[in-house]
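Asker: One structure, as structure tokens, below. Some questions next.
The values are calculated or read from the model by the stated rules, or taken from the named source; none is laboratory data. Predicted model only: the values in this text are computed from it and were never measured. Note that each Cβ is placed from the backbone with ideal geometry, even for glycine, and that neighbours are counted across all protein chains shown.
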Amino acid sequence: MIVGEQKPVDEIREMIADYEKILVLGCNGCVAVCFAGGEREVKILASALRMTAKIAGDKKEITEGAVEKQCEWEFIESLKEQVEKCEAVVSIACGIGVQALAEKFPETPIFPGLNTSFMGMPLEAGVWAETCAACGECILDKTGGICPIARCAKNLLNGPCGGSQDGKCEVSPETPCAWELIYHRFKDRGRLGALEEIRPAKDWSKARDGGVRKIVREDLKL
Amino acid sequence: MKLMKSGSNLERLLQEGKFVVTAELGPPKSADADVIRKKANILKDVADAVNITDCQTAIVRVSSIAAGCILVQMGLEPIIQMTCRDRNRIAIQSDLLGAAALGIRNLLCLTGDHQKFGNHPSSKNVFDLDSIQLLKMVKDMRDEKKFQCGEEMDIEPRFFIGAVENPFADPFEYRALRLAKKVAAGADFIQTQIVYNVDKFSQWMERVRQLGLDHKVYILAGVSPLKSVGMAKYMKHHVPGLDVPDALIERIGKAENPKEEGIKICVEIINRVRKIQGISGVHIMAIEWETSVPEIVERAGLLPRPKIA
């Protein structure tokens, strides 16, 4: 899923400084699952904005809303009336949701209340980690189901660098070395030979480096 | 005599079976050519070839190729270093064509330290290739006259190709296998991470010999004189992948003259690694202490160095 983290309230306050009627809009998809942008977080952020406005003596009218998915036209259609009643929207969906709203309601400024962090999953309560980099050409079959593109700081394809120590990445002692994990996965399977093969240079044109990506499926077109 | 791949002095000496000495020169953090010349003069008659780091620890310095070019002008033989951190395959190949055109004949290929440790931690890294893919690319440029994309070239850059390996990083059991990958990808010589733990290094070399790699590649053991107990502790705790035994830290700590003790330890380590089967030379990395190199080389009985042909 997409994992995000709410921006500091002060940063959001700066964005909306010139507007009075503000709609705080959540998304009940990924960002709700990671407790960053769902209905519950909308309530908390809206209260914080009301409170800080009151303390500062700013006149603000903060309303609240949420949809199932801010990244699909059919769900955001229903927001028309709510959006038209306000001067600006703070969306705490991911960057995809913010852009979808901005596209649908070009007259209204849509501000991001969230930093879209990465694609990953919860490891335990309160901890999320990045696991996929959407590089466009999955190699998990060759790396024991552990992605070095997303989980190695240098996205190495031929084994760990010289900074791997005690199973940790040189960049942070909090981060497991992806190649240490891959090594042990293959070792446990009795298939270490797989790591002797030289993996050729990656074709990054299928990743972001090839330009903005788009998928067209003729079989699904109406 | 075997056909030379690059014609470099380093390649020739290794081919002749000489025990070689390479040293490291850290370029300055300013456009000061005199610093490079001064350091080069210190290393001139004590090292067979001189490594020039490529913005090591991700700190901006004079480029390895530019500094290497100054060394060529001075009659020294540089080993330029190329990391995967700052350049994609287009920039690397372009810079290597230029380096070869400027008369540089030795190249060391590395992954590169992450920029988090440097002076521009907010920069974007590249890592288009990893070090093994980089080795393969420069070997194909030299031996197949082909760019990474497969296109052919008229005049190929002829480098004596080096790689690094860290016997002290984890997983330890995989380190010799990774060296085998580097050899298969194109490495002609290896310079290892700094050796302080000679016993562990010997264990790694045993594995290297089991794989027959000592017959396929020249291995130079990395050494570095410790200046103080503070430096020893820093290297143990803050430099990823370095193994500094406590006994050494204690020894430096008790010494009346830590610098002298550091040089003494370095010479002892050289004498020990020299005896390990499959070691073809030493690579002295005296970090911002190039002046210690002549004394280390002399006390290790490695002078005079053979004249550059």
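Asker: Please give the helices (runs of 4 or more DSSP H) falling wholly within the stretch B:241-309 in which 2 or more residues are farther than 19 Å from B:Ala49 by Cα.
Answerer: Passing ranges, in order: B:246-254, B:258-274.
Asker: Just to be sure I understand, how many residues within the stretch B:204-240 are more than 28 Å from B:Ser292 (Cβ to Cβ) and surrounded by fewer than 19 Cβ atoms within 10 Å (Cβ to Cβ)?
Answerer: The number of residues fulfilling the criteria is 9.
Asker: Separate question: What number goes with the only condition from (1) surrounded by fewer than 22 Cβ atoms within 10 Å (Cβ to Cβ); (2) more than 12 Å from chain A (Cβ to nearest Cβ) that B:Gly162 does not pass?
Answerer: (1)
Asker: Moving to a separate point now. Where in the stretch B:8-106 are the strands (runs of 3 or more DSSP E), entirely inside, with at least 2 residues that are within 18 Å of the chain's Cα centre (by Cα) and not aliphatic (A, V, I, L, M)?
Answerer: Hits in the stretch B:8-106: B:20-25, B:78-83.
Asker: A further question follows. If you scan the stretch B:97-137, which residues turn out to be more than 14 Å from every other protein chain (Cβ to nearest Cβ) and crowded, with 24+ Cβ neighbours inside 10 Å?
Answerer: Answer for the stretch B:97-137, where residues must be more than 14 Å from every other protein chain (Cβ to nearest Cβ) and crowded, with 24+ Cβ neighbours inside 10 Å: B:Ala99, B:Ile104, B:Arg105, B:Asn106, B:Leu107.
Asker: Please verify whether A:Ile139 is in contact with a Pro (Cβ under 9 Å, 6 or more places away or on another chain), among the β-branched types (Val, Ile, Thr) and within 14 Å of chain B (Cβ to nearest Cβ), treating the condition exactly as stated.
Answerer: Yes, satisfied.
Asker: Against the definition (surrounded by 17 or more Cβ atoms within 10 Å (Cβ to Cβ), touching a residue at least 40 places away in the same chain (Cβ under 8 Å), assigned by TED's automatic domain parsing to the domain that holds A:Lys59 and outside any strand (DSSP E or B)), how does A:Leu101 come out, yes or no?
Answerer: Answer is yes for this residue.
Asker: Here's a follow-up. For the stretch B:171-202, enumerate the residues that are free of Cβ contacts under 8 Å to residues at least 12 places away in the same chain and more than 10 Å from chain A (Cβ to nearest Cβ).
Answerer: If the condition is that a residue be free of Cβ contacts under 8 Å to residues at least 12 places away in the same chain and more than 10 Å from chain A (Cβ to nearest Cβ), then B:Asp199 is the only one that fits.
Asker: Further, regarding this structure: Considering only residues that are out of contact with any Gly (no Cβ under 9 Å at 6 or more places or on another chain), of a type in the set (A, V, I, L, M) and not in a loop (DSSP other than H, G, I, E, B), which ones fall in the stretch A:114-145?
Answerer: If the condition is that a residue be out of contact with any Gly (no Cβ under 9 Å at 6 or more places or on another chain), of a type in the set (A, V, I, L, M) and not in a loop (DSSP other than H, G, I, E, B), then A:Met119, A:Met121, A:Leu123, A:Val127, A:Leu140 are the ones that fit.
Asker: Tell me which strands (runs of 3 or more DSSP E) are completely within the stretch B:129-227 and hold 1 or more residues being acidic (Asp, Glu) and at pLDDT 95 or above, or say none if there are none.
Answerer: B:160-165
Asker: Of the conditions (1) out of contact with any helix residue (DSSP H, G or I) (no Cβ under 9 Å at 6 or more places or on another chain); (2) more than 22 Å from A:Val171 (Cα to Cα); (3) more than 14 Å from chain A (Cβ to nearest Cβ), B:Ile90 satisfies every one except a single condition; which number is it?
Answerer: (3)
Asker: Separate question: Taking the stretch A:11-54, which residues are over 27 Å from A:Met121 (Cβ atoms) and assigned to a strand (DSSP E or B)?
Answerer: A:Lys21, A:Ile22, A:Leu23
Asker: I want to confirm something. Restricting to the stretch A:163-211 and keeping residues that are among the small types (Gly, Ala, Ser), loosely packed, with under 15 Cβ neighbours inside 10 Å and closer than 21 Å to B:Leu135 by Cβ, which single residue is nearest to the other protein chains (Cβ to nearest Cβ)?
Answerer: If we take residues in the stretch A:163-211 being among the small types (Gly, Ala, Ser), loosely packed, with under 15 Cβ neighbours inside 10 Å and closer than 21 Å to B:Leu135 by Cβ, then A:Gly193 is nearest to the other protein chains (Cβ to nearest Cβ).
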